[in-house]
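The values are calculated or read from the model by the stated rules, or taken from the named source; none is laboratory data. Bear in mind that the values here come from a model prediction, so they are computed numbers and not experimental data. No Cβ is skipped: glycine too gets one built from the backbone with ideal geometry, and neighbour counts run over all protein chains shown.
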Amino acid sequence: MKWLSIMMKHKNLLTGVEEHLSMEDKMTLSLIRKAIEDQDVNAYKAVMDSAYGTPKQTTETKIETDDHIVLRFVNAEVPGHTAPSGTDGSTDEA
């Protein structure tokens, strides 16, 4: 975005040194300062998500059943690997 790339002379909020910073740099430094000095958890999360990406949410599901499960792998060939005999994908079930 063009507005974030505008360069201006600003005081670096972390070092106290006046330097040319983009608006994006100034906002990022502002969030870092807020996370540290104000111990602001939302500012910390925003900085970390911006730097490393938003963590993917994982969900664990547990299904309990008295039935048995049959897994059949179709086209699960691994190059350079020979399947042991009797594992051609056929089943004894009718």
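Overview of values
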{"read-out": "Failed item, numbered, when Trp3 is tested on (1) aromatic (Phe, Trp, Tyr); (2) touching a helix residue (DSSP H, G or I) at 6+ places or on another chain (Cβ under 9 Å); (3) at pLDDT below 80", "value": "(3)"}
{"read-out": "Counted residues, the range 44-67 - those being of a type in the set (Val, Ile, Thr), out of contact with any Leu (no Cβ under 9 Å at 6 or more places or on another chain) and within 30 Å of Asp25 (Cα to Cα)", "value": "1"}
{"read-out": "Every residue from the range 14-48 that is over 23 Å from the mean Cα position of the chain (by Cα) and under 21 Å from Met1 (Cβ atoms)", "value": "His20, Leu21, Ser22, Met23, Lys26, Ser30"}
{"read-out": "Filtered residues of the range 1-39 (kept if in a loop (DSSP other than H, G, I, E, B) and within 23 Å of Asp49 (Cβ to Cβ))", "value": "Met1, Asn12, Leu13, Leu14, Asp38, Gln39"}
